[in-house]
1. Out of (1) closer than 15 Å to Val31 by Cα; (2) outside any loop (DSSP other than H, G, I, E, B), what's the single condition that is false for Gly136?
2. Does Gly95 count as crowded, with 17+ Cβ neighbours inside 10 Å, over 24 Å from the mean Cα position of the chain (by Cα) and either at pLDDT 95 or above or not hydrophobic (A, V, I, L, M, F, W, C) (or both)?
3. Please go through the range 139-156 and pick out each residue that is within 13 Å of Val31 (Cα to Cα) and among the hydroxyl-bearing types (Ser, Thr, Tyr).
4. Confirm whether Val48 is in a strand (DSSP E or B) and either at pLDDT below 65 or in the same structural domain as Arg144 (by TED's automatic domain parsing) (or both).
5. Name the residue, out of Ala134, Ala100, that is modelled with pLDDT under 70, surrounded by 15 or more Cβ atoms within 10 Å (Cβ to Cβ) and among the small types (Gly, Ala, Ser).
6. Going by the structure shown, is Ile89 in a loop (DSSP other than H, G, I, E, B), over 26 Å from the mean Cα position of the chain (by Cα), modelled with pLDDT of 65 or more and not assigned by TED's automatic domain parsing to the domain that holds Arg39?
7. If I filter the range 139-154 down to residues being in a strand (DSSP E or B) and of a type in the set (A, V, I, L, M, F, W, C), which single residue comes out as nearest to the chain's Cα centre (by Cα)?
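The values are calculated or read from the model by the stated rules, or taken from the named source; none is laboratory data. The structure displayed is predicted, hence computed values, not measured ones. Glycine also receives a Cβ, built like all others from the backbone with ideal geometry; neighbour counts cover every protein chain displayed.
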Amino acid sequence: MKTTSRVIAAVLIAGSLAMTGCAYNSSSADVYTASQAQREETVRMGTVESVRAVKISSNNGQPSGLGAVGGGALGAVAGSAIGGGRGSILTGIVGGIAGAVAGNAVENGVAMRDGVEITVRLDNGDLRAITQSATGEIFRAGERVRLLSSGGVTRVTH
């Protein structure tokens with residue numbers, strides 16, 4: 001197999017592995033799963049106490065390993081194309097390690113999205129904090145909001 005063909009094959013494999021890790025589980029107040037649609041929700045009213053920006057990790061801080069495997073394969077192929085003989089083996093190993101580290105970092109970065117933690121004082125006096133994806137809907141302290149709850153999922157909306 002020619003070096004160019006190996007590089008193209010590695011890029012295709014790494015790309016397809018990376019794409020399988022892109023499944024998106026939303027924690028947005030605007031996104032409902034099919035099983036959540038047309039279900040009755042409990043509505044509670046309250047006042048926003050505070051809002052803070054947070055990051056939400058869709059992989060729970062545990063990368064699938066696909067980024068590291070794809071990056072490692074791509075790095076190894078690219079590294080082995082440099083030099084000849086034993087130098088090719090050494091650069092392949094170094095390229096594989098560097099690619100794995102870079103692929104893992106990319107996977108973790110892609111898994112992070114912006115979110116908000118909204119603390120709400122309910123009308124009955126209870127205090128609740130709900131974290132959800134940032135959708136552009138702005139929440140400010142003192143605003144009246146609705147908490148929609150069903151099946152263990154609570155959303156804050158205006």
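1. Failing condition for Gly136: (2).
2. Yes: the conditions hold for Gly95.
3. Listed by number, the list holds a single entry, Thr154.
4. Yes, satisfied.
5. Ala100
6. Spelling it out, it is not the case that Ile89 is in a loop (DSSP other than H, G, I, E, B), over 26 Å from the mean Cα position of the chain (by Cα), modelled with pLDDT of 65 or more and not assigned by TED's automatic domain parsing to the domain that holds Arg39.
7. Val153
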